[in-house]
Amino acid sequence: MQRLNGKTTAEEIRAELKTAVASRKQKGMKIPHLAAVLVGNDGGSMSYVGAKVKACDEIGFNSSLIRFEDTLTEQELLNKVEELNQDEEIDGFIVQLPLPKHINETKITDHISPNKDVDGFHPMNLGNMLLNLPGFLPATPAGIMELLKRNKIETSGKHCVVLGRSNIVGTPLSIMLSRNSNPGNCTVTLAHSRTQNLKELCLQADILIAAIGKPEFVTKDMVKDDAVIIDVGTTRVSDSSRERGWRLVGDVNFAEVAPKTSYITPVPGGVGPMTIASLMMNTLKAMELNGK
Ligand code: NAP
């Protein structure tokens, strides 16, 4: 078993981005600027956004964190999105999800300019992804593809089972992995809560990707020998032994599954850092695409 260390791979990407930024700075060119909009005080969202801002600082990107109380109206948020769309200094921005229930997430995502949509959630970017046209790829699936690529994991001809069909992870990932590319050329099974014989399907997987948000759902009896396991899940579970009172748990029971695998991502330190790294790559790309 080998750990697929997303933290190390993400550090490699950050070092490359740092060099790119330093070289732009030296030439007097614009520095990428990422803005993040955070509504409310959800602990998970605050730490995700915090990690994104920290990554910007480390690389040398400019960043702006824009915070609102969860009493913010949908129209007020739409106005902020419009302002960021028009702001020449901002190259890309994200609106951290989930949003409070009174705000329609689709309406907000659809209002972000596709040219600044570094999360890759806008229908135009998702459509471009489907058609393999240029655009921004959703950060988590793109991060997973980069992780596979940089760690030279063979995907061609492999059977990949993806658990979870969300628009931001499972569904786009299933498309990217089935594309004629490297990584890619997988035969993909996309499973969800209505899938029957899930265990039998998982046992056929050369590559098993779990993105369902159910802590330790994947157990050793569901995994074939030498499979590659990518654990996307991040659920906070209470843990009184930790000072903060919780820990992050993936969708895979790491302790019992890891010994059977050829490669496995840990949680934390697997997919999470790669998601942030691909957001940073998208931000640099946004600035370059906008001719700056
Ligand atoms: P989501 O919107 O929470 O949807 C969950 C998906 O899992 C749905 O498609 C659901 O099926 C499926 N599902 C639920 N229970 C299942 C079961 N027992 N068997 C098979 N499928 C089942 O998904 P998401 O937003 O992609 O998030 C999934 C997990 O990834 C969460 O823990 C989230 O925190 C994490 N995540 C991590 C990162 C990262 O950077 N590390 C990024 C994004 C998300 P139905 O469609 O039938 O309901």
Pair list, Cβ < 7 Å and 6+ apart or interchain, from segment 91-105 residues that are touching a residue at least 60 places away in the same chain (Cβ under 8 Å) to residues that are of a type in the set (Lys, Arg) and surrounded by 20 or more Cβ atoms within 10 Å (Cβ to Cβ): Asp91/Lys116; Gly92/Lys116
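Of all residues being in contact (Cβ under 8 Å) with a residue 40 or more places away in the chain and not charged (D, E, K, R) in segment 52-69, which is nearest to the ligand (Cβ to nearest atom)? Just the residue, please. Give the steps one after another, and end with the answer.
Applying the first criterion (in contact (Cβ under 8 Å) with a residue 40 or more places away in the chain) to segment 52-69 yields 52, 55-56, 58-61.
Filter again for not charged (D, E, K, R), leaving 55-56, 59-61.
Details: Ala55: 12, Cys56: 17, Ile59: 18, Gly60: 23, Phe61: 19 Å.
Of everything passing the filter in segment 52-69, Ala55 is nearest to the ligand (Cβ to nearest atom).
From Leu248, Leu279, grab the single residue that is closer than 19 Å to Asn62 by Cα and either modelled with pLDDT of 95 or more or within 14 Å of the ligand (Cβ to nearest atom) (or both).
Numbers: Leu248 fails: closer than 19 Å to Asn62 by Cα.
So the residue among Leu248, Leu279 that is closer than 19 Å to Asn62 by Cα and either modelled with pLDDT of 95 or more or within 14 Å of the ligand (Cβ to nearest atom) (or both) is Leu279.
Across segment 1-48, what is the total count of residues that are basic (Lys, Arg) and in contact with a Pro (Cβ under 7 Å, 6 or more places away or on another chain)?
Initial filter on segment 1-48 (basic (Lys, Arg)): 3, 7, 14, 18, 24-25, 27, 30.
Within this subset, residues satisfying the condition of being in contact with a Pro (Cβ under 7 Å, 6 or more places away or on another chain) are 3, 7.
Here the count works out to 2.
Out of segment 211-220, which residues are touching a Leu at 6+ places or on another chain (Cβ under 8 Å) and more than 8 Å from the ligand (Cβ to nearest atom)?
Going through segment 211-220, the residues touching a Leu at 6+ places or on another chain (Cβ under 8 Å) turn out to be 211-212, 217-218.
Listed by number, the list holds a single entry, Val218.
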When the residues of segment 154-189 are filtered to those that are out of contact with any Pro (no Cβ under 7 Å at 6 or more places or on another chain) and of a type in the set (Val, Ile, Thr), which remaining residue is surrounded by the most Cβ atoms within 10 Å (Cβ to Cβ)? Val162
Considering each of Leu4, Leu38 in turn, give the residue that is touching a Lys or Arg at 6+ places or on another chain (Cβ under 6 Å) and either within 20 Å of Leu289 (Cβ to Cβ) or modelled with pLDDT of 95 or more (or both). Leu38
Given (1) more than 17 Å from Thr275 (Cβ to Cβ); (2) touching a helix residue (DSSP H, G or I) at 6+ places or on another chain (Cβ under 9 Å); (3) more than 10 Å from the ligand (Cβ to nearest atom); (4) of a type outside the set (A, V, I, L, M, F, W, C), where does His192 come up short, assuming only one miss? (3)
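Out of the residues in segment 27-51 that are of a type in the set (D, E, K, R) and touching a residue at least 40 places away in the same chain (Cβ under 8 Å), state the one that is nearest to Ser278 (Cα to Cα).
The first filter runs over segment 27-51 and keeps only residues of a type in the set (D, E, K, R), leaving 27, 30, 42.
Next, from what is left, pick out any that are touching a residue at least 40 places away in the same chain (Cβ under 8 Å): 30, 42.
On the way: Lys30: 20, Asp42: 23 Å.
Selected residue: Lys30.
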Tally time: how many residues in segment 262-292 are of a type in the set (D, E, K, R) and in a loop (DSSP other than H, G, I, E, B)? 1
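The values are calculated or read from the model by the stated rules, or taken from the named source; none is laboratory data. Please read these numbers as outputs of a predicted model, since none were measured by experiment. Cβ coordinates were reconstructed from backbone atoms using ideal geometry, including for glycine residues, and neighbour counts include every protein chain displayed.
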